[in-house]
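The values are calculated or read from the model by the stated rules, or taken from the named source; none is laboratory data. If you're wondering where the values come from, they're calculated on a predicted model, not measured in any experiment. So basically every Cβ, Gly included, is an ideal-geometry build from the backbone, and we count neighbours across all protein chains shown.
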């Protein structure tokens, strides 16, 4: 029954890759985490993946549970991302519930498991609630930021009543749902038919389960109403509701909050499994090195199984346009202003490099600041914008030059007297490589630039250390660099909600949805190991390793971006 079985010893915790059939006969891929060196008889927890994520995203929680005496099964849904069989287009909530039931079948068949704890996150909580209503083996249901009202959550995400529209006869066909190509109509049709689309259906399912319920909603959740969670659990004597203070929908966006949440969740699971009071437990932490090692193993496994058919140039040509909306987002404008202030005033004759300029939004900020300053610089400074895609560069040229020309007409003076604009196409991942290996490689002389901005780019490069070394080489002694990255597990939901609640046009609404979909696609590529987001400490360490000094770290973009400045 086990198609693939291999052990990875990470300190005291062992991970085994297994597979077993779903109730539809398709292969479900899973991992077993347990205190080694052997799998022994202990209470079991099944951890369901969040929508758009794989079992790897549950690794940290799995190791916490294993470190505290539970055997853990993490799995990938069928018809979803990850290693399991199926077509992502046809994922449904009831199909997800059936996958959970198949996990129970597997554990009963291979390990004699009669009762288990089920842990689910976000939308998978709705599938878990249905599974608990159908399977008495689920003795404890734990929901993290659990969706209890699909109709409300989709309306918050898309600013459109998808469920109500479907019932009224609207049809959407196949489209991008947070980075995954989905058959919207099939998903909604089955959700409505199976009574999994609204709060009333959730309450019905919860009335049918005898499981102990532990719900951990986020205090600042943009997608899930705390009032809905309270309503869903009302009247259940065996239900426990513990709001996570300071948390957003993506728990991991705040490591301290996530750490505390994991401790509470693990305490609840271990206490129920062992039949003891929560306050009598001392929570053990998993070995960090072992956890990181296993994370690398599972990331590489995903990367090998999900070879990208689309090159980076093609990917960014498609998705970069979706980021134009950020020009209207207040949090992003605050971020650009911070980057500009950290770079410092641009003096006469200085050359500024925008490495990975994208649509040219930071360059536009530079143009504005220089054209609005009086008196003009003599000689004028030069802005150099470099990017991978021609589409991005065309946008940058049009935006920056267009503003400069309009400004010149308004003030009756020539923009070229205030700055020069230069744009070029380059692949930053080739920087630092021998020119003989890269025909047409862009190479600048030592100390060419006075200031360098590398804004939200480093995460998407395969050779970040080499690129930073090259940026160090081309920066003049005493010059300054500003480097930024979206932080690990960033949560854009609050920024998105705040913008969408403004009086925006229908075009902006659709652009906002596109932006959220693009972010979902990028998150999938991060999960598969193509991209890496960095904390401010990690950015500072990378800059120091490249030879920069005097690092200073900041948070911006609604607290979701790490920004670090340094000097040569």
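For region 72-80, indicate whether the set of residues that are within 19 Å of the chain's Cα centre (by Cα) and modelled with pLDDT under 95 is non-empty. Within region 72-80, one or more residues are within 19 Å of the chain's Cα centre (by Cα) and modelled with pLDDT under 95. For region 462-488, the set of residues classified as surrounded by fewer than 18 Cβ atoms within 10 Å (Cβ to Cβ) and touching a helix residue (DSSP H, G or I) at 6+ places or on another chain (Cβ under 6 Å) consists of 462, 463, listed by residue number. Flag not set for residue 102, criterion: over 30 Å from residue 188 (Cα atoms), in contact (Cβ under 8 Å) with a residue 60 or more places away in the chain and assigned to a helix (DSSP H, G or I).
Looking across region 445-486, the residues that are farther than 21 Å from residue 550 by Cα and touching a strand residue (DSSP E or B) at 6+ places or on another chain (Cβ under 8 Å) come down to 457, 459, 486. Restricting the search to region 538-566, which residues are under 18 Å from residue 499 (Cβ atoms), buried (at least 21 other Cβ atoms within 10 Å of the Cβ) and touching a strand residue (DSSP E or B) at 6+ places or on another chain (Cβ under 7 Å)? Within region 538-566, 560, 561 qualify.
Looking at region 220-227, can you tell me whether even one residue there is over 21 Å from the mean Cα position of the chain (by Cα) and free of Cβ contacts under 8 Å to residues at least 60 places away in the same chain? Looking for residues that are over 21 Å from the mean Cα position of the chain (by Cα) and free of Cβ contacts under 8 Å to residues at least 60 places away in the same chain, one finds at least one in region 220-227, hence yes. Which of the residues belonging to region 179-195 are buried (at least 16 other Cβ atoms within 10 Å of the Cβ), in a helix (DSSP H, G or I) and in contact (Cβ under 8 Å) with a residue 24 or more places away in the chain? Of everything in region 179-195, those that are buried (at least 16 other Cβ atoms within 10 Å of the Cβ), in a helix (DSSP H, G or I) and in contact (Cβ under 8 Å) with a residue 24 or more places away in the chain turn out to be 187, 188, 190, 191, 192.
Looking only at residues in region 179-196 that are at negative phi and within 25 Å of the chain's Cα centre (by Cα), the one that is modelled with the lowest pLDDT is 180. Every condition in (1) assigned to a helix (DSSP H, G or I); (2) surrounded by fewer than 24 Cβ atoms within 10 Å (Cβ to Cβ) is met by residue 126 except one, and the failing one is (2). The single condition among (1) modelled with pLDDT of 90 or more; (2) in a helix (DSSP H, G or I) that residue 485 does not satisfy is (2). Scan region 227-238 for residues that are at pLDDT 95 or above and either closer than 22 Å to residue 273 by Cβ or touching a strand residue (DSSP E or B) at 6+ places or on another chain (Cβ under 9 Å) (or both) and the total you get is 4.
Filtering region 233-247 for residues that are exposed (fewer than 12 other Cβ atoms within 10 Å of the Cβ), on the phi > 0 side of the Ramachandran plot and over 19 Å from the mean Cα position of the chain (by Cα) leaves a non-empty set.
Do we have residue 142 as touching a residue at least 40 places away in the same chain (Cβ under 8 Å), in a loop (DSSP other than H, G, I, E, B) and more than 24 Å from residue 187 (Cβ to Cβ) here? No. Would you mind telling me which numbered condition in (1) assigned by TED's automatic domain parsing to the domain that holds residue 243; (2) in contact (Cβ under 8 Å) with a residue 40 or more places away in the chain; (3) out of contact with any strand residue (DSSP E or B) (no Cβ under 6 Å at 6 or more places or on another chain) residue 198 fails? Single failed check for residue 198: (1). Between 72, 147, 81, 113, the distinction of being in contact (Cβ under 8 Å) with a residue 24 or more places away in the chain, assigned to a loop (DSSP other than H, G, I, E, B), in contact with a helix residue (DSSP H, G or I) (Cβ under 9 Å, 6 or more places away or on another chain) and over 30 Å from residue 517 (Cα atoms) belongs to 113 only. Among the residues of region 150-172, those that are modelled with pLDDT of 90 or more, in a loop (DSSP other than H, G, I, E, B) and over 20 Å from residue 227 (Cα atoms) comprise 168, 169, 170, 171.
Return yes or no: is residue 94 at pLDDT 95 or above and in a loop (DSSP other than H, G, I, E, B)?
For residue 94, the condition - at pLDDT 95 or above and in a loop (DSSP other than H, G, I, E, B) - is not met.
Comparison of 523, 517 shows that the only residue that is at pLDDT below 75, assigned to a helix (DSSP H, G or I) and surrounded by 17 or more Cβ atoms within 10 Å (Cβ to Cβ) is 517.
Against the definition (in contact with a helix residue (DSSP H, G or I) (Cβ under 9 Å, 6 or more places away or on another chain), assigned to a loop (DSSP other than H, G, I, E, B) and touching a residue at least 24 places away in the same chain (Cβ under 8 Å)), how does residue 499 come out, yes or no? No; evaluated as a whole, the condition is false for this residue.
For region 317-341, the set of residues classified as buried (at least 16 other Cβ atoms within 10 Å of the Cβ) and either farther than 12 Å from residue 359 by Cβ or modelled with pLDDT of 85 or more (or both) consists of 329, 331, 332, 335, 336, 338, 339, 340, listed by residue number. In region 526-537, what residues are in contact with a strand residue (DSSP E or B) (Cβ under 9 Å, 6 or more places away or on another chain) and buried (at least 19 other Cβ atoms within 10 Å of the Cβ)? Result: 533, 534, 536. When region 268-300 is filtered for residues that are without any contact (Cβ under 8 Å) to a residue 40 or more places away in the chain and on the phi < 0 side of the Ramachandran plot, the ones remaining, listed by number, are 271, 276, 277, 278, 279, 280, 282, 288, 292, 296. Within region 409-438, if we keep just the residues that are at pLDDT below 90 and part of a strand (DSSP E or B), the residue that is nearest to residue 390 (Cα to Cα) turns out to be 421. Within region 30-69, the set of residues being under 25 Å from residue 153 (Cα atoms) and assigned to a strand (DSSP E or B) comprises 46, 47. Here residue 176 fits the description: more than 20 Å from residue 232 (Cβ to Cβ), modelled with pLDDT under 95 and surrounded by fewer than 24 Cβ atoms within 10 Å (Cβ to Cβ).
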